[in-house]
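Trainee: Would you mind keeping the following structure in view while I ask a few things?
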Amino acid sequence: MDFYKNEPKTLLAVDCVILGFNGESLEILLVKRAIAPERNKWSLMGGFVQDDESPERAASRVLKKLTGLTNLYMENCGIFGEPGREKRRVVSITYFALIDTKQYKHILSEEYEAKWFPLNDHPKLIFDHEDMIAAAKHTLRTKAALYPILFELLPEKFTVPQIASLYECVYDIDLDKRNFSRKLLASGLIIKLNEKDKNSKKGAFYYRLNMDIYKEKIMSFLRYLPGWSTE
């Protein structure tokens, strides 16, 4: 006897909130939806989970199809399945991914009319994709307070002003940049390189992340983010 034949037919999908940092502000990668309903409207990139893959593999496939990249930092940030969110019964598992936009802009797929928009000033999106973005931002803030995931948004070498700008964007705060810089340098979390950014006004030195020290000082890093708590 088939115990499942009378059960509801629900489709399982994944949607990807793809975030990038251009050196000054956070951006989100959106695509033009190619099918009805909501054809030609802006959307997150997504797809259905196939019978032979897990949701994580499906999300990785979607990301590779759009960006050509593999092994991106990716994190589950919610499940969206309210009845009526689409015409058919669809439950979506949402992930966010982090990309260095300056490094990867040239290899984005043109097939989906992919385009970067400012995270806080993007077009209206279909269905409940705004809720997905809100969930991604919350998860990103929580994770970034505990682990060095924001460095996925930076090139391998970066300046202190870039780090400060990135944290201001993610947490929507105004840092005392001089104090932030002093504490960050004193912590040993970053290693100074013998090279300067020729495009910066004052010729800021480049740094790289010291992963060993970071692992030792995860919780102390929270003190650099005024008013933020993971609770």
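Trainee: For residues in the range 125-177 being basic (K, R) and at pLDDT below 90, which is surrounded by the most Cβ atoms within 10 Å (Cβ to Cβ)?
Mentor: Result: K143.
Trainee: Let me ask something additional. Is there any pair with a first residue in the range 52-69 that is on the phi < 0 side of the Ramachandran plot and in a loop (DSSP other than H, G, I, E, B) and a second that is among the acidic types (D, E) and surrounded by 14 or more Cβ atoms within 10 Å (Cβ to Cβ) whose Cβ atoms are under 8 Å apart and which are 6 or more apart or on different chains, and what are they?
Mentor: none
Trainee: Here's another thing I want to ask about it. So, G23, is that one assigned to a loop (DSSP other than H, G, I, E, B) and touching a residue at least 12 places away in the same chain (Cβ under 8 Å) or not?
Mentor: It is true that G23 is assigned to a loop (DSSP other than H, G, I, E, B) and touching a residue at least 12 places away in the same chain (Cβ under 8 Å).
Trainee: Under 8 Å by Cβ, and 6 or more places apart or on different chains, what pairs join a residue from the range 112-138 that is free of Cβ contacts under 8 Å to residues at least 60 places away in the same chain with one that is among the charged types (D, E, K, R)?
Mentor: Short answer, once both residue conditions are applied: D128/E82; D128/R85.
Trainee: Only one of S54, S25 is among the hydroxyl-bearing types (S, T, Y), surrounded by fewer than 21 Cβ atoms within 10 Å (Cβ to Cβ) and touching a Pro at 6+ places or on another chain (Cβ under 7 Å); which?
Mentor: S25
Trainee: Suppose the filter is outside the structural domain of E86 (by TED's automatic domain parsing), buried (at least 16 other Cβ atoms within 10 Å of the Cβ) and at pLDDT 85 or above; does N194 pass it?
Mentor: no
The values are calculated or read from the model by the stated rules, or taken from the named source; none is laboratory data. What you see is a predicted model, and the numbers here were worked out from it, not measured in a lab. Every residue, glycine among them, receives a Cβ derived from its backbone with ideal geometry; neighbour counts consider all protein chains shown.
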